[in-house]
Amino acid sequence: GQQLNQSPQSMFIQEGEDVSMNCTSSSIFNTWLWYKQDPGEGPVLLIALYKAGELTSNGRLTAQFGITRKDSFLNISASIPSDVGIYFCAGQLRSSNTGKLIFGQGTTLQVKP
Amino acid sequence: GAVVSQHPSWVICKSGTSVKIECRSLDFQATTMFWYRQFPKQSLMLMATSNEGSKATYEQGVEKDKFLINHASLTLSTLTVTSAHPEDSSFYICSARDPDRDEQFFGPGTRLTVL
């Protein structure tokens with residue numbers, strides 16, 4: 001099946017540092033989404049990207065939709081302890097008309113105060 | 001933001017029993033809902049797409065007779081795990097698509113433990 005390759009798998013950083021994670025695929029996506037999941041909860045949408053080349057910010061978070069439509073990255077600036085969690089990229093294929101999402105494997109972020 | 005609820009939030013059952021999980025969109029009508037399963041330290045894997053008033057579309061490898069999906073109204077979809085076994089123990093998450101905003105909203109998940 002379709003896959004999204006998300007990296008890195010995990011990160012352990014110091015509070016205040018910047019973080020970057022990305023997703024790539026061999027398929028073309030219409031939409032790229034970035035979610036955060038806390039333990040025992042459902043994912044929460046952070047940023048949605050709809051156009052190739054689009055760069056969008058949400059507070060300390062910035063994400064970009066790759067020009068080729070096959071990749072996206074998420075940056076977190078000046079990390080704080082509450083940024084801890086699992087971050088997932090998700091994409092909606094250009095060929096999909098149901099809104100079905102494909103998820104990356106996730107990046108586990110740990111922040112040391 | 002929109003709210004999607006799931007009930008129950010956790011359930012423990014004996015092997016061989018059936019368990020029903022509800023997914024509700026609280027402030028919008030969802031013609032499409034999705035059911036995911038997430039094992040520990042893994043990503044969300046789509047199980048099926050639930051369409052209001054029609055049969056669900058199952059992903060490859062997901063047994064439709066074991067995971068029964070009913071989407072009887074625009075605000076409710078149910079997933080029934082029939083004859084549950086320990087390997088069905090997982091975190092089940094639903095999402096509902098708001099057609100007006102073209103956005104999916106996720107429920108808080110249901111932790112199923114089969115003894």
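Computed quantities for the displayed model
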| read-out | value |
| --- | --- |
| Gain in span if fully extended, B:GLU87 to B:ASP27, counting 0.36 nm per residue against the direct Cα distance | 18.2 nm |
| Nearest-0.05 FRET efficiency for A:LEU55 and A:VAL84, computed from C-beta distance (R0 30 Å) | 0.75 |
| Pairs from A:LYS36/B:LYS55; B:LYS20/B:LYS64; A:LYS100/B:LYS64; A:LYS51/A:LYS100; B:LYS20/B:LYS55 whose Cα-Cα separation, in the structure shown, is over 21 Å | A:LYS36/B:LYS55 |
| Average partner coverage of B:38-49, which counts Cβ from other chains inside 10 Å | 4 |
| Length-normalised contact order of chain B in % [C-alpha pairs under 8 Å, at least 6 apart] | 37 |
| Descending Cα extents along the principal axes, the range B:69-108, whole Å | 39, 20, 12 |
| Volume in Å³ per residue [convex hull over Cα atoms, computed for the range B:24-115] | 100 |
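Laboratory data are not the source of any read-out in this text; all were calculated from the coordinates shown. The shown structure was predicted, so the numbers you read here are calculated from the model rather than taken from an experiment. We place every Cβ from the backbone using ideal geometry, glycine too, and count neighbours over all the protein chains shown.
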